[in-house]
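Structure, as structure tokens:
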Amino acid sequence: MKKSTFITSIAFAFIMLLSANVGAQKFSKLDKSPMDAAAFPTSYKDANKLIKIVYSRPQLKGRALSKLAPNGKVWRLGANEAAELTLYTDMKLGNTSIKAGTYTFYAIPGDKEWTAIISKDLNVWGSYFYKEANDVARLSVPVTSGESLEAFSITFDEANGAINMHLGWDTTRVAVPFTK
């Protein structure tokens, strides 16, 4: 009896060893530029959002902003996939009317101004496949400065009848105004 219990125990242990990896999931490691979202109204208690952007948050990690988002070149606004902008109501960027829907948001950085770009392209990795012909709206906005931010960040506020999407990284600040 002791022999059969011992053999059963060994067989059970062997089966458990072999089956341990069968059900195990292979999860990827934590992304170095995690995805984030910003929306307006900013309160989580207000479900009636007007605008939302989903983007990845790269960090400087001792690198120069000019290397990560070079002046004069289309930038995906973050890392990994291009930023995805959703308008829950028709809005305007400058004088251009934009229908409610989901778009890709790009920017062209510059020393004194950035060009904000809304494109009808979707599900785009980076800005490698950017096509100017698919632009829905463009607007040049001035650059200001503030305290240094390690991670690229986006937030919204409302001022002067506009919903401003604030972009910040390092000491660079850009406010992109949307109006209803």
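The values are calculated or read from the model by the stated rules, or taken from the named source; none is laboratory data. Keep in mind the model is a prediction, meaning the values are calculated, not measured. Note that we place each Cβ from the backbone using ideal geometry, even for glycine, and neighbour counts take in every protein chain shown. Accessible surface areas use protein heavy atoms only, side chains included; no ligands, DNA or RNA. Shrake-Rupley method; radii C 1.70, N 1.55, O 1.52, S 1.80 Å.
Scanning region 58-89 for residues that are within 17 Å of Asp135 (Cβ to Cβ) and open to solvent by 70 Å² or more (accessible area, probe 1.4 Å) gives Lys73, Glu84.
Pairing residues of region 28-49 that are in contact (Cβ under 8 Å) with a residue 40 or more places away in the chain with residues that are open to solvent by less than 90 Å² (accessible area, probe 1.4 Å) and among the small types (Gly, Ala, Ser), at Cβ distances under 6 Å and at least 6 apart in sequence or on separate chains, gives Ser33/Ser56; Ser33/Ala79; Met35/Ser56. Considering only residues in region 115-138 that are touching a Ser or Thr at 6+ places or on another chain (Cβ under 7 Å) and not in a loop (DSSP other than H, G, I, E, B), the one that is surrounded by the most Cβ atoms within 10 Å (Cβ to Cβ) turns out to be Ser119.
The single condition from (1) under 17 Å from Lys49 (Cβ atoms); (2) in a strand (DSSP E or B) that Thr89 fails is (2).
Yes/no matrix, rows are residues, columns are (1) over 21 Å from Leu167 (Cα atoms); (2) open to solvent by less than 30 Å² (accessible area, probe 1.4 Å); (3) modelled with pLDDT of 95 or more:
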| position | (1), (2), (3) |
| --- | --- |
| Ser19 | yes, no, no |
| Gln25 | yes, no, no |
| Asp36 | no, no, no |
| Lys45 | yes, no, no |
| Ser56 | no, yes, no |
| Met91 | no, yes, yes |
| Ser97 | yes, no, yes |
| Ala100 | yes, no, yes |
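Of all residues in region 102-114, those that are assigned to a strand (DSSP E or B) and open to solvent by 10 Å² or more (accessible area, probe 1.4 Å) total 5. Is it the case, given these coordinates, that Gly161 is at positive phi, at pLDDT 95 or above and of a type outside the set (Val, Ile, Thr)? So Gly161 does not fit the description; no.
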